[in-house]
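Here the structure comes first, spelled out in structure tokens, and everything after it is commentary.
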């Protein structure tokens, strides 16, 4: 079919993935370009045109920047193509029966101002808009469900148990700590700056917190915070921290392995030397990823919305303004520069 | 009370633990001595005198030879005192209502010809004597329950799944492989000699087996045996083998961590570098020890007895004759010299 004679187009800034990355990603690995995009759906197509409002920077994205040697649960980005990830967007045009122009959605979208989504099955319509829309990249999105599932489903927490969270002020960690407090657990978190440690203690209600960068001996730091040991460890970082935790775990402890961000950018990963504790202390260590638990999202959403409205859950975001800031924001994640969930604001509406 | 005028005594060879060990234990770390022991129970005592028939050599005993720096689930041996472990014995004299002279028992006893057991709560009476008595140190004892619990309770096996067992011809491994075959799984084992590999394939019915010492690349060896990956790994060795396994696990795989014998004698443990697979493949890795599951022993015993009588379970033992052989037999375990369960015959009856 012929395109409309009055076809409307928009200029479209995009972040292009340059090539596979070794070691820490650099800003130059992502290129800002500008092109234009038609804002109309070809007749008969079931695709959507989205105007992207918020883009999410998440640790797992580093895995998509490496050359795909070992098949992972997530495909690599394609060199020369637009980076993609979670985001919040407004439907500009829809050829799909489930969506109409003006709908707000969250899910996988491109790192660009406008995205053509050929198949919108990965997108969810946003039902509650009295909550900041950016929250759908965080507390109400993938990180939120990750924290909920990782803590409640993988760790089997019981009231009164001791919980340790690393990367505790991040998108997931800050929620795990709050879920643990809501369960009646004793919760300690670690983070990489005084500002973050203050957030943990004063904003998120952790019982205690420490700056891991200022601890010469992580094993001793954990022993100080948990004189009787750790029942549950929510693992976001790996490496030396995991070894220190293993020495401090209690018998029958549980470790939910959500991520190992300390290792993602190393060309030679650190070794873990204390796995013998898994036997002697009968530890369960379990990896998980959020997509396996998507069916729990509706019940999680209702709970989270209620807790947010009641003030029982709070959320701290670090919002970079402008799509051109996206590469630096993503890189900052691996250096711990973000304070709270890292989001990129592309457009306000 | 005065001892009987006709007190009977016996000479008693004993194996004494010399001192804490670093690195591989040597024969000189255990000293053969001889003393004598009264074979009568003091009036009013509830103790037992045992004549030891079989002593068990088990990998966990290495942990009891190290200086106790980190508290473990098992106490260290005391320098200068008799080594102890699982064994099969005959009651010579009993001051305890539950036991009488002539009873056959298994449980914790001393590495000596006769043992005075002040409190017999760790001893079980042997009910079935149509099975070789030495089996109560193996298939019908701690290693048997270990294999049963580790495989059935920790690994949640399903028919048709792929199972890999390391140290597969050992006291536990040979049983795990047979339990897995009885479940309808595809089972591959590894061991350290051609003789052991032949046993795995021809005696225990493993689908495939390999000699890990002859594989220059363990990851490739596992890929060859499991082109579609491993669902269940029964971990007995640790170290490089675990890293190779992690790369070959399937999504949602389970690893029961029974022991890490490759690491027990190292002063500097090897590092494990592939824990990222725990996240990407959503692996559950769980340590366990047999004492936590003792309540399952009665049901396990009935099952094992039935399977042995029906010829569905076989068991291979490596029996060293004479208590003076016990130190060499124990050391041999860490060098893989034993073929099958290592037992020491102290007395035939």
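Here are the numbers:
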item	result
Residue B:194, sole failed condition from (1) touching a residue at least 60 places away in the same chain (Cβ under 8 Å); (2) surrounded by fewer than 21 Cβ atoms within 10 Å (Cβ to Cβ); (3) in contact with a strand residue (DSSP E or B) (Cβ under 8 Å, 6 or more places away or on another chain)	(1)
Filter result (in a loop (DSSP other than H, G, I, E, B) and under 18 Å from residue A:289 (Cβ atoms)) within region A:125-138	A:138
Region A:313-349: number of residues that are part of a loop (DSSP other than H, G, I, E, B), in contact with a helix residue (DSSP H, G or I) (Cβ under 7 Å, 6 or more places away or on another chain) and farther than 27 Å from residue A:303 by Cα	1
Index of the failed condition, residue B:337 passing every other in (1) crowded, with 17+ Cβ neighbours inside 10 Å; (2) farther than 22 Å from residue B:89 by Cβ; (3) in contact with a strand residue (DSSP E or B) (Cβ under 9 Å, 6 or more places away or on another chain)	(1)
Strands (runs of 3 or more DSSP E) wholly inside region A:73-124 that include at least 2 residues being touching a helix residue (DSSP H, G or I) at 6+ places or on another chain (Cβ under 8 Å) and in contact (Cβ under 8 Å) with a residue 12 or more places away in the chain	A:84-94, A:104-110
Selection count where residues are crowded, with 18+ Cβ neighbours inside 10 Å and in contact with a helix residue (DSSP H, G or I) (Cβ under 7 Å, 6 or more places away or on another chain), scope region A:301-312	1
Residue in region B:39-57 that is modelled with pLDDT under 95, surrounded by 15 or more Cβ atoms within 10 Å (Cβ to Cβ) and within 21 Å of residue B:319 (Cα to Cα) present	no
Qualifying positions in region B:221-262 - without any contact (Cβ under 8 Å) to a residue 24 or more places away in the chain and within 14 Å of another protein chain (Cβ to nearest Cβ)	B:227
Some residue of region A:76-97 being within 14 Å of chain B (Cβ to nearest Cβ) and out of contact with any strand residue (DSSP E or B) (no Cβ under 8 Å at 6 or more places or on another chain)	yes
Answer from A:117, A:83 - the residue that is outside the structural domain of residue A:212 (by TED's automatic domain parsing) and closer than 30 Å to residue B:248 by Cα	A:83
Qualifying residue in region A:193-205 (condition: at pLDDT 95 or above and under 22 Å from residue B:278 (Cα atoms))	no
Residue within region A:285-302 that is within 30 Å of residue A:330 (Cβ to Cβ), within 10 Å of chain B (Cβ to nearest Cβ) and part of a loop (DSSP other than H, G, I, E, B) present	yes
Those residues of region A:303-322 which are farther than 23 Å from residue A:153 by Cα and either at the interface with chain B (Cβ under 7 Å from one of its Cβ atoms) or within 20 Å of the chain's Cα centre (by Cα) (or both), in sequence order	A:316, A:317, A:318, A:319, A:320, A:321, A:322
Scope region B:230-268; condition more than 22 Å from the chain's Cα centre (by Cα) and not in a helix (DSSP H, G or I); matching residues	B:230, B:231, B:249, B:250, B:251, B:252, B:253, B:267, B:268
Exclusive hit being in a loop (DSSP other than H, G, I, E, B) and either surrounded by 22 or more Cβ atoms within 10 Å (Cβ to Cβ) or under 17 Å from the mean Cα position of the chain (by Cα) (or both), set B:167, B:180, B:209, B:147	B:167
Residue in region A:263-284 that is buried (at least 20 other Cβ atoms within 10 Å of the Cβ), under 25 Å from residue A:16 (Cα atoms), touching a residue at least 12 places away in the same chain (Cβ under 8 Å) and more than 7 Å from every other protein chain (Cβ to nearest Cβ) present	yes
Within region B:242-259, tally of residues that are closer than 22 Å to residue A:263 by Cβ and buried (at least 24 other Cβ atoms within 10 Å of the Cβ)	8
Matching residues, region A:36-65, being under 14 Å from residue A:111 (Cβ atoms) and part of a strand (DSSP E or B)	A:37, A:50, A:51, A:52, A:53, A:54, A:55, A:56
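The values are calculated or read from the model by the stated rules, or taken from the named source; none is laboratory data. The structure presented is a predicted model; accordingly, all values stated were derived computationally and were not measured. Heads up, the Cβs are rebuilt from the backbone with ideal geometry, glycines too, and the neighbour counts pull from every protein chain shown.
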